[in-house]
Amino acid sequence: MVIRFTLNVVDPPVVLDMGVDKYGNEDLIRWGWPEDVWFHVDKVSSAHVYVRLPQGQTIDDMSEALVDDCAQLVKANSIQVSISAALSQWFKRFEMSMFYGRRFLEAVRVAKRINEIVNRLIKTERREEIDYRGEREERDAKERQKAKEKQREEKAREQLELEEKERQRQIRSYDGVFTEDKMHSNYDGGNGSDDFM
C-alpha cells in the first residue's frame, strides 16, 4: 500500500508516491519509472517519496517549490530533527536494491518543518493499492509502440529517398538512348554518291 499525494504548486500538477512501510518502498523502487525522482533521508531509515515528472523532464527541470514540498514531506516523516534530504533520478537494474550511486545524489537541507506545506499535502493524501507492475508494463508498452512507429516512419522515409535516388539515376542514365529500333548504320550513309568534285 502506498500514500499518494497531488502537488498543485506546479503546472501541470505532479503526483507524489510514498510507501506506507518498507514493503511499499520496495515496490516503488522495483517498479519505478525513468521519469521518477526519489527523495529520502540519506543514511537513516525514512520515508521514500517519489515524484513522477512529466515525460521528458529530469531532476534539473524541477522547480524550487516542488523540491521544497518533497523535502518537507520527507522531513515530516523522518525521525531526525534537522535533515538533509537526498534526491536522485530513479535508476534501477534487476540486481539492485538501492539507488545507483552516490555521485548522482543531490542534497537539500531542511532545517525546520513548515506546517503549511505539510498540511496542504496531507489534504491531498489518498491511501491506495496501486498495481505498479501493471502501470509500468503499460507505460513500457506505450514506449515500445512509439519506438516502433518512429522506426516505421524512418523506414518509409528511407524507402522514399531510395525511390527518388533511383528515379534521378534513371533520368540521368543513357540506358534508353541506345535502343535497337532507333539505330541505323552510317557505314555508307549515302556519302559515296555525293558529287563534290
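The values are calculated or read from the model by the stated rules, or taken from the named source; none is laboratory data. Keep in mind that what you see is a predicted model, and the values were worked out from it rather than measured. Note: ideal-geometry Cβ built from the backbone for every residue, glycine included; neighbour counts use all protein chains shown.
Residues in the stretch 5-17 that are surrounded by 13 or more Cβ atoms within 10 Å (Cβ to Cβ) and in contact with a Leu (Cβ under 7 Å, 6 or more places away or on another chain): Phe5, Leu7, Val9, Val10, Val14, Leu16, Asp17.
Taking the criterion of being surrounded by fewer than 11 Cβ atoms within 10 Å (Cβ to Cβ) and in contact (Cβ under 8 Å) with a residue 12 or more places away in the chain, the only residue of the stretch 129-144 that qualifies is Glu129.
From Arg109, Arg133, Arg102, Arg126, grab the single residue that is at pLDDT below 70 and over 22 Å from Gln57 (Cβ atoms).
Values: Arg109 fails: at pLDDT below 70; Arg133 fails: at pLDDT below 70; Arg126 fails: at pLDDT below 70.
The match here is Arg102.
With respect to Val20, determine if the residue is among the hydrophobic types (A, V, I, L, M, F, W, C), within 15 Å of Ser63 (Cα to Cα) and either assigned by TED's automatic domain parsing to the domain that holds Gln72 or surrounded by fewer than 18 Cβ atoms within 10 Å (Cβ to Cβ) (or both). Judged against the criteria, Val20 is not a match. For Phe94, the conditions (1) at pLDDT below 70; (2) part of a helix (DSSP H, G or I) all hold with the exception of (2). Considered as a group, the residues in the stretch 1-42 that are closer than 15 Å to Leu73 by Cβ and in a helix (DSSP H, G or I) include one that is nearest to the chain's Cα centre (by Cα), and that residue is Leu28.
The combined condition, being touching a residue at least 24 places away in the same chain (Cβ under 8 Å), surrounded by 10 or more Cβ atoms within 10 Å (Cβ to Cβ) and in the same structural domain as Asp21 (by TED's automatic domain parsing), is fulfilled by Glu125.
Yes/no matrix, rows are residues, columns are (1) among the polar types (S, T, N, Q); (2) modelled with pLDDT under 80; (3) over 22 Å from the mean Cα position of the chain (by Cα); (4) part of a helix (DSSP H, G or I):
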residue	(1), (2), (3), (4)
Tyr50	no, no, no, no
Asp60	no, no, no, yes
Ala65	no, no, yes, yes
Ala71	no, no, yes, yes
Val74	no, no, yes, yes
Ser78	yes, yes, yes, no
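Of the residues screened, Ala156 is not one that is small (Gly, Ala, Ser), under 23 Å from Val37 (Cα atoms) and modelled with pLDDT of 70 or more.
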